[in-house]
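The values are calculated or read from the model by the stated rules, or taken from the named source; none is laboratory data. Because the structure is predicted, anything quoted here is derived from the model rather than measured. Neighbour counts are summed over all protein chains in view; Cβ atoms, including those assigned to glycine, are modelled from backbone coordinates with ideal geometry.
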Amino acid sequence: MSTKPLNRQTNVICIILLMLQAILLVWSSYVHSPTHLEVFHLPAGLSHWELSRYDLCRVNPPLVRKVASLPVYLMPHKSDYSSYVSGYFYRAEYGVGIDTMHANGTPFIWLVIVARWVCIPFILLGGYICYRWARELYGNVAGVVALLLWSFCPYILAHGSVITPDAHAAALGVTSAYLFWRWLKSPTWILTIFVGIMLGIAELSKFTLIFFYPIGLFLWLTYRFRFFRSWKWQSILREIYMGLVIITISIFVINIGYEFENTIKPLSDYRFQTSFFSGIPLDEIPKTGGNQYAETWLGKIPIPLPANYVYGLDLQKKDFEIGIFSYMCGEWKVGGWWYFHIYAMVIKLPLGTIGIFLGAMILTFCGKNFRSTWTDEFFLLLPVVVIAIVLSQQSGIGLHSRYGLPLLPFLFVWSSKIAVLWSQKFTIAKIAVIVFLCWSVGSTLYFFPHVLTYCNEIVGGPRNAYKHLAKSDSSWGQDLLLLNTWLKKNPKVGELRMAFSGPFDPRLAGLKFSLPPVGRNGKEYYDELPPALLGPQPGWFAIEVCFLLGGDPLSAANAKGGWDEPSKRPGYDLSYFQQFEPVDMIGYSIYIYHITLEEANRVRREMGLPEIEYEE
């Protein structure tokens, strides 16, 4: 087959796959209720437009939430900044987010959906770059394979349909990397400008991508090493100058994203909250912060970055240093596990995708016919290795595997080399590739739109996701709208008791409920409660799966616009629900229980609680 017809065919397939992904993203965005962080990210994005301030949600750069909030800013809406507290050590986005949510009421859901839709082009761009890069490295069919892996990846579909920046940063990161790769091939001034702009845009999406700067330098040295002896110094100096221009343009773009807010401050003017920047042990840092560079010559250097960009890096590092409540395989603890992200991806990527990756790994060692140049291979794998190492070193957080999303597009492009088998005579190998691709796509579509909860067959699918991972990997508040739809179809339920964690108010989704009684779980506080308020009771219950294993750090919405906070109770324990079989499930994140009096008393006896008597 000639190359040009194949180019046309694969281009048509590319367009179809991107259209299909767009449809899936639109639908997923529409059916899911606001997730935990979206309650804060959308109002924070509005504050950027309305107040030109960037201290809300500074733990992430502002690009994605600013784009997401633009149509909302132009629509009728209400912003409530009454609880906006200024200062570098405050997280005012929590109060502002909840106040703005309540100010808008039920229409807040529609505002979030619109904000999600406007970010979908980021994801489509990432898919096109995967297709383009793989095609240029390994051929036309490889481009289709890479795009299939991206378009039907549960991670990308799940986080590409919310306004948190992880999937969007992955798309922008691979785009900037692809342009830099093209620049290494042909370092023109036009490409220099585009690389600088795209790198700055990528840096405005996620702090993780700051490692692209040292990675880029190392890759340039790798690509140019074998040519240094034959190069003229003029050529070397020209590329060094171009590299400095790339960095300068990217920093300028970062400043544009923050509207040059408090930029070019001397390093000594900053007050940091982390040991890394302050040079003070974490438990000894004063409330006003510290700065180990304040009295050194480094303190006099002006930092050409917006102040809230620098403070955002510090705040992100603080979360890793102090450690937060983390969860894996049934265990809650402060801090995480170095292998958390590896484990999460092994169970949350489709087995077909993992099979393709392993097949590509085998092919890499089978000869040069199955790989590109070693420098191109190294270019794709280095970001994966660096991001994986960085995440493994930050064991203070083991709660969200979405932090690893920026490495996925590099893996997809690299794994697409398996399509080289199409030009070989290995029929069995071709069949294996088709099976893996169908397995990957089919497994994702089978559970769609519940891709946020997706887990593969290793752990028994998304039904068992909560036993292994929590929050954005299993229950992130995404299924309240689906629960309301279920209740309308089941009017026999009547009074509902529900446990739901997260900042979104379930009443805005049309839900009326009361809290279920807590269990014991060895908590002294619970022993002080009257037995009638403890343990199982008959009735209908909707329990978010994160509560089934004790819920030590979790609060529960109290149906009055507030939350049962851990500071008032040491965790909202509902682990006794493990003794009952759910009669239904909502998107794999909310289990429905119908407990009879006999069933309730059976478990109460096992818990050492008095039985409930029949009502006359």
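Which of the residues belonging to segment 188-211 are of a type outside the set (G, A, S) and touching a Ser or Thr at 6+ places or on another chain (Cβ under 9 Å)?
Correct list: V195, I197, M198, L199, I201, E203, L209.
Within segment 139-194, considering only helices (runs of 4 or more DSSP H) that don't extend past its boundaries, which have at least 2 residues that are more than 18 Å from the chain's Cα centre (by Cα), within 21 Å of T222 (Cβ to Cβ) and charged (D, E, K, R)?
Because the criterion is at least 2 residues that are more than 18 Å from the chain's Cα centre (by Cα), within 21 Å of T222 (Cβ to Cβ) and charged (D, E, K, R), the helices (runs of 4 or more DSSP H) in segment 139-194 that meet it are 166-185.
Would you mind telling me which numbered condition in (1) closer than 30 Å to S475 by Cβ; (2) part of a helix (DSSP H, G or I); (3) in contact (Cβ under 8 Å) with a residue 12 or more places away in the chain I397 fails?
All conditions pass for I397, except number (2).
Scan segment 391-415 for residues that are touching a Leu at 6+ places or on another chain (Cβ under 7 Å) and closer than 30 Å to K368 by Cβ and jot them down.
P406, F410, F412, V413, W414, S415
Run S79 past the list (1) closer than 22 Å to G561 by Cβ; (2) surrounded by 18 or more Cβ atoms within 10 Å (Cβ to Cβ); (3) at pLDDT below 95 and report the number of the one that doesn't hold.
With respect to (1) closer than 22 Å to G561 by Cβ; (2) surrounded by 18 or more Cβ atoms within 10 Å (Cβ to Cβ); (3) at pLDDT below 95, S79 is out only on (3).
One residue is enough: does segment 52-67 have a residue meeting the conditions buried (at least 23 other Cβ atoms within 10 Å of the Cβ), touching a His at 6+ places or on another chain (Cβ under 6 Å) and of a type in the set (V, I, T)?
yes
Here's the yes/no breakdown for (1) assigned by TED's automatic domain parsing to the domain that holds F410; (2) within 30 Å of W439 (Cβ to Cβ); (3) assigned to a strand (DSSP E or B); (4) at pLDDT below 85:
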site: L305; (1), (2), (3), (4): no, no, no, no
site: D319; (1), (2), (3), (4): no, no, no, yes
site: A344; (1), (2), (3), (4): yes, yes, no, no
site: G359; (1), (2), (3), (4): yes, yes, no, no
site: L381; (1), (2), (3), (4): yes, yes, no, no
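Can you report the number of residues in segment 443-488 which are free of Cβ contacts under 8 Å to residues at least 24 places away in the same chain, assigned to a helix (DSSP H, G or I) and closer than 30 Å to V144 by Cα?
1
Scan segment 117-138 for residues that are over 20 Å from the mean Cα position of the chain (by Cα), surrounded by 24 or more Cβ atoms within 10 Å (Cβ to Cβ) and not aliphatic (A, V, I, L, M) and jot them down.
Hits for segment 117-138 are Y131, W133, R135, Y138.
Mind counting the residues in segment 195-209 that are closer than 16 Å to I387 by Cβ, of a type in the set (G, A, S) and not in a loop (DSSP other than H, G, I, E, B)?
1
Per-residue answers, yes or no, for (1) closer than 25 Å to R182 by Cα; (2) surrounded by fewer than 16 Cβ atoms within 10 Å (Cβ to Cβ); (3) not assigned by TED's automatic domain parsing to the domain that holds Q394:
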position: E203; (1), (2), (3): yes, no, yes
position: L209; (1), (2), (3): yes, no, yes
position: L219; (1), (2), (3): yes, no, yes
position: F225; (1), (2), (3): yes, yes, yes
position: I240; (1), (2), (3): yes, yes, yes
position: V245; (1), (2), (3): yes, yes, yes
position: S250; (1), (2), (3): yes, no, yes
position: Y258; (1), (2), (3): no, no, yes
position: F272; (1), (2), (3): no, no, yes
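Which of the residues that make up segment 350-395 are of a type in the set (S, T, Y) and loosely packed, with under 13 Cβ neighbours inside 10 Å?
Passing the criteria: only T373.
Take segment 5-61 and flag every residue that is among the β-branched types (V, I, T), touching a helix residue (DSSP H, G or I) at 6+ places or on another chain (Cβ under 6 Å) and more than 27 Å from L209 (Cα to Cα).
Within segment 5-61, T10, I13 qualify.
Could you tell me whether any residue of segment 417-427 is buried (at least 24 other Cβ atoms within 10 Å of the Cβ) and either at pLDDT 95 or above or charged (D, E, K, R) (or both)?
Yes.
Is there a residue being assigned by TED's automatic domain parsing to the domain that holds E495, under 27 Å from V451 (Cα atoms) and either at pLDDT 90 or above or of a type in the set (F, W, Y) (or both) anywhere in segment 529-537?
The answer is no, given that none of the residues of segment 529-537 is assigned by TED's automatic domain parsing to the domain that holds E495, under 27 Å from V451 (Cα atoms) and either at pLDDT 90 or above or of a type in the set (F, W, Y) (or both).
Mind listing just one residue for me: the one in segment 504-514 that is surrounded by fewer than 18 Cβ atoms within 10 Å (Cβ to Cβ) and either modelled with pLDDT under 90 or among the small types (G, A, S) (or both) and, of those, farthest from Y576 (Cα to Cα)?
Taking the candidates together, the pick is G510.
Could you list, in sequence order, all residues of segment 321-342 that are hydrophobic (A, V, I, L, M, F, W, C), within 21 Å of L549 (Cα to Cα) and at pLDDT 85 or above?
Result: M328, C329, W337, F340.
Of all the residues that make up segment 413-428, how many are without any contact (Cβ under 8 Å) to a residue 60 or more places away in the chain, part of a helix (DSSP H, G or I) and out of contact with any Phe, Trp or Tyr (no Cβ under 9 Å at 6 or more places or on another chain)?
Matching residues across segment 413-428 total 2.
Can you find a residue that is basic (K, R) and more than 30 Å from R238 (Cβ to Cβ) anywhere in segment 168-183?
no
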